[in-house]
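First up is the structure itself, then whatever we jot down about it.
The values are calculated or read from the model by the stated rules, or taken from the named source; none is laboratory data. For clarity, every value in this text was computed on a predicted model and none was experimentally measured. No Cβ is skipped: glycine too gets one built from the backbone with ideal geometry, and neighbour counts run over all protein chains shown. Keep in mind that these areas ignore ligands, DNA and RNA; they rest on the heavy atoms of the full protein, side chains included. Shrake-Rupley method; radii C 1.70, N 1.55, O 1.52, S 1.80 Å.
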Amino acid sequence: MRTPIIAGNWKMFKTVSEATAFFVDVKGKAEVSGVEAVICAPFTTLPALVEAAQGTSIAIGAQNLHFEDNGAFTGEISGVMLKDLGVKYVIIGHSERRAYFAETDEIVNKKVQAAFKHGLTPIVCVGEKLEEREAEQTKSVCQVQTEAAFAGLSAAQAAEVVVAYEPIWAIGTGKSSTAADAEDVIAFIRDVIAGLYDAATANAVRIQYGGSVKPNNVSEYLGQSNIDGALVGGASLEPASFIALVEGAK
Ligand code: G3P
């Protein structure tokens, strides 16, 4: 059975003191048996959060990494550095990075490989734009992005990947996909992975839904047989809301 995973993606929010205060509030309460809780936070807050999370079941993740280990890449952070901090997860290929920082499918794949090289678990984002959805290209877009992200991974690595299906039109808009629609696309993504590997590998992969997930709709998504969790932006920023999201995944 796949363990449900609720990951907060804080995006570019919270200073070190705000992050630390958040953690004090959620400690103990966002630790729910049978659910994995993850906070993917800005780089600057990671050392403090990793320290605060010691001895708890809450995992800490980054929101990006560079695919090279080191070098002349001003402003970048590598997998070596994240591993050194004690970070467990890293979000890769979020649609905001694809849109604003020119991340291609090829770069996403290099980053996924870099994550594995350094023992980090990638949370790989895929999802269609509104115009692609309207042109009925949702599944073909997700297939291309999924196949590219998994290229070169062994079956054992593939089984460890967390995929986040985030329809772009649902991010931060309050317009969430229906649970049935999300289930349909996520089941399709699982089939794509089965086609790349085999059914056992595909059945091991955890696939989240992301896009305007809130405490009041999280259970609906988690109630679908192929949806194993949520990647949450806005609603992960407040302690009470984050706790409710994790509770809702039980
Ligand atoms: O990565 C999570 C995200 O893009 C969804 O954001 O604010 O719609 O939950 P939000």
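For the chain, the square roots of the Cα gyration tensor eigenvalues, ordered a ≥ b ≥ c, give a/c below 1.5, which places it in the rounded category.
Accessible area of region 51-204 with a 1.4 Å probe: how many percent of it is carbon plus sulfur? After summing per-atom areas, the C and S share lands at 51 percent. Annotation note: chymotrypsin sites (Phe, Trp or Tyr not before Pro) in region 26-110 located in DSSP loop regions with a Cβ neighbour count of at most 11 within 10 Å are F73, F101. Using C-alpha pairs under 8 Å with a sequence gap of at least 6, the mean separation divided by the residue count of the chain gives a relative contact order of 22 percent.
Across I171, I6, the residue with the most accessible area heads the list, and the full order at a 1.4 Å probe is I171, I6.
Straight-line cross-link partners of K88 among the lysines, defined as a Cα under 27 Å from its Cα and at least 8 positions apart when in the same chain: K11, K14, K27, K29, K110, K111, K117, K214, K250. Average accessible surface for region 5-248: 42 Å² per residue, computed with a 1.4 Å probe over protein heavy atoms with every protein chain in place.
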